[in-house]
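Q: One structure is given below, represented as structure tokens, and several questions about it will come after.
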């Protein structure tokens with residue numbers, strides 16, 4: 001996984017600079033299929049001993065905070081770094097991510113809906 005994370009962007013950039021954009025999918029799909037087959041054959045199946053609650057509040061605040069922050073960063077060059085929308089998006093993203101961090105530090109999931117582990 002580490003090699004793939006390091007090489008993927010470089011290979012993708014090389015393919016995009018020399019071939020059409022669909023070549024990225026052709027090459028990476030060719031690498032994905034053997035990887036999936038190997039994982040299914042070599043990685044042992046494990047199951048959790050306990051059923052845990054899904055942390056819906058944490059998931060929503062993480063996604064919302066990251067999305068708001070990235071939206072502010074992407075729009076800032078066009079709108080301006082001091083535009084009220086940019087400042088609100090950046091500040092709001094930071095505040096939401098701080099709420100996410102507080103939720104995770106506290107370690108409680110307010111939504112106690114349970115999920116079942118995978119069937120054998």
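Each value in this text was obtained by applying a stated rule to the coordinates, not by laboratory testing. From a predicted model like this one, the values you see are computed outputs, not experimental measurements. Here Cβ is always computed from backbone atoms with ideal geometry, including for glycine, and neighbour counts include all displayed protein chains.
Q: Hey, does the stretch 48-58 have a residue that's in contact with a strand residue (DSSP E or B) (Cβ under 7 Å, 6 or more places away or on another chain), closer than 30 Å to residue 99 by Cβ and surrounded by 11 or more Cβ atoms within 10 Å (Cβ to Cβ)?
A: Yes, the stretch 48-58 contains a residue that is in contact with a strand residue (DSSP E or B) (Cβ under 7 Å, 6 or more places away or on another chain), closer than 30 Å to residue 99 by Cβ and surrounded by 11 or more Cβ atoms within 10 Å (Cβ to Cβ).
Q: Go through 16, 32 for me and flag whichever is free of Cβ contacts under 8 Å to residues at least 24 places away in the same chain, within 18 Å of residue 3 (Cβ to Cβ) and surrounded by 11 or more Cβ atoms within 10 Å (Cβ to Cβ).
A: 32
Q: Can you name the number of the only condition in (1) closer than 30 Å to residue 11 by Cα; (2) over 22 Å from the mean Cα position of the chain (by Cα) that residue 33 fails?
A: (2)
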